[in-house]
Amino acid sequence: MSNNNDLIQALVAIVEGSALADSRHTRQAATDHTQGCYEVLFTTGTVSFPLAERATVAAQVAEWHQVNTLAQHYQTLAAGAELTPSLQAALLFARHLTFEPVSVTPQHLQALQQAGWQTDALITLAQVIAFVSFQSRLIAGFTVLNTLTETEAHQVKTLSAITAGRWHLQARTAGNRRAPQAFTRKELGWEPWLPPKPFDAFTEAQQQVLIRFGHQHSDYFRLLGHDQPVLEQRTLIDKGIFYTPGGLSRAERELAATVVSKVNGCIYCASVHARKASQLSKQTEEIALLLQVQPGDELSAGQSERWQAQIEAVAALSLTPPRLTQEHLRALQQHSLSTLAITDLIQSAAFFAWANRLMLTLGEPFIPEQEAVETGDAVKRASA
């Protein structure tokens, strides 16, 4: 993909030959497929979700993030949109996803359906909101990084601590399975609130895409498969951010995913990525400490100085609107994070703003039956 066709580069005013431009070239797959996802979502629309309505939602989400250049871009695309009852319902849903995705319940999806949103369009709506949340954080993070030089030697100021968000505490899921009530590294299941697309309902070519990425048996990915072009681009972005050599260690990219999930209250995402961060870093006690942080308590407390700097930067970027500053990035530089490593950290954090917003608003985690049985037996033994 040519540099003339890179919305992020244009809106951040990234100059070719700069350290940030070079880092994004090093992560070319993530750069290309971020643009690719934008084009899939905003080049054309559908009868059920026209382009002008998509852009209206996107402009509002970007405005809520206080990313004015992105909001103005989408406002231009939104020309001619009418504020219909279905679009009003979509904007209400977008507000929940933007500011507090953990607040969404199955009833919010039912309200959208009552306003005329069918499953295919509803999945695209969720992707528009979550993708613009990702875009907004890329632009916010890269804008700060773009104005910072690695040679600056300033005394890093004390930064306000970011705290953990709230999470679900209900005992049972909508499907009456046992629900986790605390963060964990154990494997969890995830049940959708909308019907996943059956595998045999995909075309043969679409089936091959699902198989290529290992998605064919996943309710989550077959649910997102209601808009497969977006799902494909999103998967390629994920691989371009998390499965690339050099820069930030894979363990610390997984740490970033875990931190974002603590801010947003996404127990499922945290369970997957805390487990990976523990395995790769061998710092199991530190990851356990992070998972145990309660709502309103400081996320970085008790961690090493290097991890404190990363946790605080990621958490600041994860707020709505983002609160990442040059002081956060200078703290990272003091721990020898290069521009490429900081780019990796920003992209990892931004991606999980997207992932959490889908996981939390389209379904919920559950404790697999065998795990639930074993836990129940342990409680009985302890009380005997």
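Total residues in the stretch 1-58 satisfying the condition of being free of Cβ contacts under 8 Å to residues at least 12 places away in the same chain, outside any helix (DSSP H, G or I) and of a type in the set (A, V, I, L, M): the figure is 2. For V47, the conditions (1) open to solvent by less than 40 Å² (accessible area, probe 1.4 Å); (2) over 20 Å from the mean Cα position of the chain (by Cα) all hold with the exception of (1).
Would you mind stating whether T76 is over 25 Å from K262 (Cα atoms), open to solvent by less than 30 Å² (accessible area, probe 1.4 Å), part of a helix (DSSP H, G or I) and polar (S, T, N, Q)?
no
For the stretch 59-70, what are the residues that are open to solvent by 30 Å² or more (accessible area, probe 1.4 Å), assigned to a helix (DSSP H, G or I) and in contact (Cβ under 8 Å) with a residue 40 or more places away in the chain? Those that are open to solvent by 30 Å² or more (accessible area, probe 1.4 Å), assigned to a helix (DSSP H, G or I) and in contact (Cβ under 8 Å) with a residue 40 or more places away in the chain: W64, T69. Listed by first and then second residue, the pairs with beta-carbon distance under 8 Å, at least 6 apart or on different chains, first residue in the stretch 303-329 and closer than 14 Å to V293 by Cβ, second open to solvent by 30 Å² or more (accessible area, probe 1.4 Å) and at pLDDT below 95, are E312/L159; E312/A161. Each residue in the stretch 285-294 was checked for being in a helix (DSSP H, G or I), touching a residue at least 24 places away in the same chain (Cβ under 8 Å) and open to solvent by 10 Å² or more (accessible area, probe 1.4 Å), and 3 pass.
With respect to H215, is the statement that it is at pLDDT 95 or above, assigned to a loop (DSSP other than H, G, I, E, B) and of a type outside the set (S, T, Y) true? Yes: the conditions hold for H215. Filtering T158, T184 for residues that are part of a loop (DSSP other than H, G, I, E, B) and modelled with pLDDT under 95 leaves a single hit, T158. Looking across the stretch 173-212, the residues that are hydroxyl-bearing (S, T, Y) and under 19 Å from A270 (Cα atoms) come down to T173, T184.
Answer yes or no as to whether E254 is more than 25 Å from F99 (Cβ to Cβ), open to solvent by less than 10 Å² (accessible area, probe 1.4 Å) and out of contact with any Phe, Trp or Tyr (no Cβ under 7 Å at 6 or more places or on another chain). Yes: the conditions hold for E254. Every residue in the stretch 189-205 that is open to solvent by less than 80 Å² (accessible area, probe 1.4 Å) and farther than 21 Å from L109 by Cβ, please. Within the stretch 189-205, F199, F202, T203, A205 meet the criteria. If the condition is being buried (at least 24 other Cβ atoms within 10 Å of the Cβ), within 20 Å of K262 (Cα to Cα) and not hydrophobic (A, V, I, L, M, F, W, C), then the stretch 102-134 contributes only S133. The requirement of being of a type in the set (S, T, Y) and open to solvent by less than 10 Å² (accessible area, probe 1.4 Å) is not satisfied by S338.
Take the conditions (1) under 27 Å from V102 (Cα atoms); (2) surrounded by 16 or more Cβ atoms within 10 Å (Cβ to Cβ); (3) among the charged types (D, E, K, R); D297 misses just one of them, which is (2).
The values are calculated or read from the model by the stated rules, or taken from the named source; none is laboratory data. What you see is a predicted model; the values in this text were computed from it and never measured. Using ideal geometry, Cβ is built from the backbone for each residue, glycine included, and neighbour counts are taken over all protein chains shown. The area values use the complete protein model at the heavy-atom level, side chains included, leaving out ligands, DNA and RNA. Shrake-Rupley method; radii C 1.70, N 1.55, O 1.52, S 1.80 Å.
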